[in-house]
Amino acid sequence: MKTERCKLTGKQPPDWALLLVAQVCADHGRRVPSLQWWTRDGKYSSGHYWPARKQIHVTAGTDPQDQQGVLLHELAHHLTVPRKVNGSRSRRRWHNKRFYTKAFELYAQWGDEEFVAYEAKREAHYMKRSTSVSGYSQ
Ligand SMILES: [Zn+2]
């Protein structure tokens, strides 16, 4: 691709990421989403999942553990797409108990204790928000 987009560079996803996506989807009997892989300077990664396109987008930082955590987070979305409510999917419905149960199941399956602890820390601020907004509970 010739277009320059800030510091982002479109890349072929690494083999481990493609294998992880394939294996997780096989485990759950789900269709494999397409994976877009970009890189950025800095340690941390970010990600996004488009349910309509069945597409995961990862902007990978330099830390491999963080990359894997983001990819598993987005895969958990793929496996737990919330139903539309009033035609939209709110962020609160995305990060609900069902999502976190699946996400931490994946973290525990694909990482060691240290990795799970790392992810628990990373997810903490989302979890707090998702459970406190409008008294959401499940
Ligand atoms: Zn998310």
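The values are calculated or read from the model by the stated rules, or taken from the named source; none is laboratory data. Worth saying up front: this structure is predicted, and the values here are computed from it rather than measured. Here Cβ is always computed from backbone atoms with ideal geometry, including for glycine, and neighbour counts include all displayed protein chains.
Restricting attention to segment 16-60, the residues being at pLDDT 95 or above and acidic (D, E) number 1.
Do we find a residue being of a type in the set (F, W, Y), buried (at least 16 other Cβ atoms within 10 Å of the Cβ) and modelled with pLDDT of 95 or more anywhere in segment 85-98? No, that holds for no residue.
Residue count for segment 37-51 satisfying the condition of being more than 16 Å from the ligand (Cβ to nearest atom) and on the phi < 0 side of the Ramachandran plot: 6.
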